[in-house]
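Novice: Please find one structure pasted underneath; my questions will follow.
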Amino acid sequence: MDGVRVGNRVVGTQSPVTIGWENIPKVEGGPLKRLFFSWFQPAFLFALLAFWYYAPNSIATISTAIWIGIVFRVLMLGLEWVNPRYASWRLTWKELVVDLFYVGFTYTLLRIVDSYIGSDVVVKAIQAHLHLGKFAWFTGLPLLVQAFALTLIFDFGQYWMHRGMHNWYPLWLPHSVHHYITQLNINKGAVGNPVELFLIGLGIGGFFDFVPRAFLLAGSFGLAVGTYQHINVRFNSPKWWRFLFTTTEHHSLHHSQDYESTRCNYAGSFIFIDRIFGTCIDGEAELLGMEGGRRMTVREQMTYPFTEGWKTLKERFGRPSVAVPAE
Amino acid sequence: MTSPVRAAQPWSPQPWGPADGSASTNPDTSFADKFPSMRLITWIWHVRGSLALAPGQSGNEAFGRLAPLFDETGTSHERTNDTLTFSKKDQPAQDKMSVFDSGALRIEKGAAGSVLHYHLVSRALLFCFLLVPLFLGIAQLTIALGKLEKPATEAVGASKKPVEKAAAVQLNPIDKFLGAPAPDQPKKGDADKPAGRNKKPSATSAYVFAGLFAALYVIGRILEAWLVKRLFRKSLLGS
């Protein structure tokens, strides 16, 4: 495969990729369908922001956010069925069960672990040790600025953590498991080794005090932007949207079977961070995964970083096997 | 000698006994066949079924039509005269039979015509079934940890001096102008309460997921058995 030159790199030499927005297929069908799949994303984001901005305090609660999240995911499952990006990414019962296992794992066991050694706990310990208060000035900012700043701080940290995972072997080991997925579906973002799921959830948001409503507004970006990273729905996202926000196209390229293509588009929500640091490529891929699309079992997903790490350690520091000459 | 494919199977699927109905003397007979009552248990992840072949369709022709299903990445299969056994490893999601890990298909000639019998093994079904007790266990663990922590938290709370007073939060003038509701002013004692995302984990999520997997198991056990039968039927008809 010849590949495509993008800046200093050549992508698509190992597996087919589509580069450039003009080459990416558009939503086909009647005017209503095209209208819906062109404007759903911005309409939902602005509607959600408006809702959290104006909802009375009795409604603007975490439990409402949880219900909105559930309804949104069910809606996305429906859209995946109606307008899939690729038939080969069609969600199966087995994939749904495995994906939901990881969602459940994150919401239960990982949350317990986080409550003991998560970043919020570490931040609290640092604050107590240094007699620091929270950055209370943050609460004086306009709500939308607080929300945007919270999301940006988290996404910026996640960008570097993610980029580090692709460039430093000890971090790549837990992250590599996530790159063995061969489809993008609504819950695929949750699939990964527990060590990685813990690491990617780390943030410094705990240092800041903020109005609870700002936290809910910040969640809008996570739900109405971040969710589209792993999803099997074809949208005609507006130009300004795909310039600012990470889209399925960006993230599918990041999951491509082509190695060079995986080394781009690290940001979870704000693709402009990739644009700033020169790691953004506008394009998409259908063939995803590692080792030619080998799918890992759940058992291997759990153990892979440790078994591979052990193998590498043995190779590097183990005793070299001495060849015994034949008598 | 056992073929490599047979050796790779976690269970040796042999749902059919001798034609006369007597107990099988084959040492390779499955656990479920040795202990018929175990069939109820193995039903959890074993899918058995049969399908009548079209009149005049030979076993060779039938296996020929089914063959593409086993030409998938990660799938190995072996065929004798009337039996096809297969085994899958790291099968991709795009494989139409990815939910099954091994199995056997056999064509038997009966008075009414030839019948395809199949016995398929799915670790995914077993996994889903076991997720229910796993998440119930996680719920119990969450409750137990909560109880363990309570005395310690209460002790810390009792010794804490009541100096911390939750500060009143004021909205930015821009938000006031745009009409955003002002935040509730903290009540007495709110400063000690963990806020929003810092709350201690509750067992509710684990119970919800246990229920979800119970429902998914029932759906999957019915759906996957129906889907594979439909897949075989379509393949045999060549449509």
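A short reminder: the numbers here are calculations on the coordinates, not readings from a lab. Everything numeric here is computed off the predicted structure, so don't read it as measured data. Counting neighbours? That spans all protein chains shown, and the Cβs are built from the backbone with ideal geometry, glycine included.
Novice: If each residue's Cβ is checked for other Cβ atoms within 10 Å, how do A:Y228, A:Y54, A:Y169 rank with the fewest at the top?
Specialist: A:Y169, A:Y54, A:Y228
Novice: Still on this structure, I have one more. Using only the Cα atoms of the stretch A:248-327, construct the convex hull and provide its projected area averaged over every direction, in square nanometres to one decimal.
Specialist: 9.0
Novice: GNM on chain A, C-alpha springs below 10 Å: top fluctuator among A:E80, A:E249, A:E95?
Specialist: A:E95
Novice: Report ³J(HN,Hα) in whole Hz for each residue of the stretch B:42-57, in order, from the Karplus equation J = 6.51 cos²θ - 1.76 cosθ + 1.60 where θ = phi - 60°; Gly and Pro get x.
Specialist: Using θ = phi - 60°, the values come out as 5, 4, 4, 10, 9, 10, 10, x, 8, 8, 6, 7, 5, x, x, 7 Hz.
Novice: Related question: On the first, second and third principal axes, largest extent first, how far apart are the outermost C-alpha atoms of the stretch A:4-311 in Å?
Specialist: Ordered largest first, the stretch A:4-311 gives principal extents of 56, 54, 41 Å.
Novice: Got the relative contact order for chain A handy, in percent, Cα pairs under 8 Å and 6 or more residues apart?
Specialist: 27
Novice: I've got another one for you. Quick one: Karplus J couplings for the stretch A:293-299, per residue in order, coefficients 6.51, -1.76, 1.60, θ = phi - 60°, nearest Hz, x for Gly and Pro?
Specialist: Residue by residue, the stretch A:293-299 yields x, 5, 8, 7, 7, 4, 4 Hz.
Novice: Considering only A:V298, A:G3, B:A203, whose Cα is most displaced toward the positive end of the charge dipole of the protein assembly as shown, charges sitting on Cβ of Lys, Arg (+1) and Asp, Glu (-1)?
Specialist: Result: B:A203, furthest along the dipole toward the positive end.
Novice: Using all C-alpha to C-alpha distances in the stretch A:1-68, build P(r) with 10 Å bins and read off the rounded percent in each one.
Specialist: The calculated distribution, bin by bin, is 16, 24, 19, 24, 14, 3.
Novice: Rounded to the nearest 500 deg cm²/dmol, what is the calculated helix-only ellipticity per residue at 222 nm for the protein assembly as shown, with -39500 (n - 2.57) per DSSP H run of length n ≥ 4?
Specialist: -15500 deg cm²/dmol
Novice: Something else: Based on the Cα gyration tensor of the stretch B:62-159, what are the three equivalent ellipsoid semi-axes, each the root of five times an eigenvalue, rounded to whole Å and given largest first?
Specialist: For the stretch B:62-159, the ellipsoid semi-axes come out as 52, 15, 8 Å.
Novice: Another one. For A:N167 paired with A:V195, estimate the spin-label separation in nm (one decimal), with each label point 7 Å from Cα along the Cα-to-Cβ line.
Specialist: According to this spin-label approximation, the distance is 2.1 nm.
Novice: Here's a follow-up. State the three equivalent ellipsoid semi-axes of the protein assembly as shown, derived from the C-alpha gyration tensor as the square roots of 5 times its eigenvalues, in descending order and whole Å.
Specialist: Its equivalent ellipsoid spans semi-axes of 48, 29, 26 Å.
Novice: Shifting gears a bit: Within 10 Å of each residue's Cβ, count the other Cβ atoms and sort B:F213, B:F127 from fewest upward.
Specialist: Placing the least packed residue first, the sequence is B:F127, B:F213.
Novice: Give, rounded to the nearest 20 debye, the magnitude of the charge dipole that the protein assembly as shown has about its Cα centre when Lys and Arg contribute +1 at Cβ and Asp and Glu contribute -1 at Cβ.
Specialist: 1000
Novice: Where nothing but the Cβ of Lys and Arg (+1) and of Asp and Glu (-1) is charged, how large is the charge dipole of the stretch A:4-311 around its Cα centre, in debye to the nearest 20?
Specialist: Charge dipole, the stretch A:4-311, about its Cα centre: 280 debye, nearest 20.
Novice: A further question on this structure: Please arrange A:M76, A:M302 by counting, for each residue, the other beta carbons lying within 10 Å of its beta carbon, fewest first.
Specialist: A:M302, A:M76
Novice: How high is the FRET efficiency from A:S58 to B:L148, r the C-beta distance, R0 45 Å, rounded to 0.05?
Specialist: 0.85
Novice: Also: Expected output is a single nm value to one decimal: the length gained when fully extending between B:L141 and B:L126, i.e. 0.36 nm times separation in residues minus the C-alpha distance. What is it?
Specialist: Using 0.36 nm per residue and subtracting the Cα-Cα distance, I get 3.1 nm.
Novice: I've got another one for you. In nanometres, what is the gap between the two model label sites at B:E108 and B:K234, each 7 Å from Cα along Cα-to-Cβ?
Specialist: So the two model labels end up 2.8 nm from each other.
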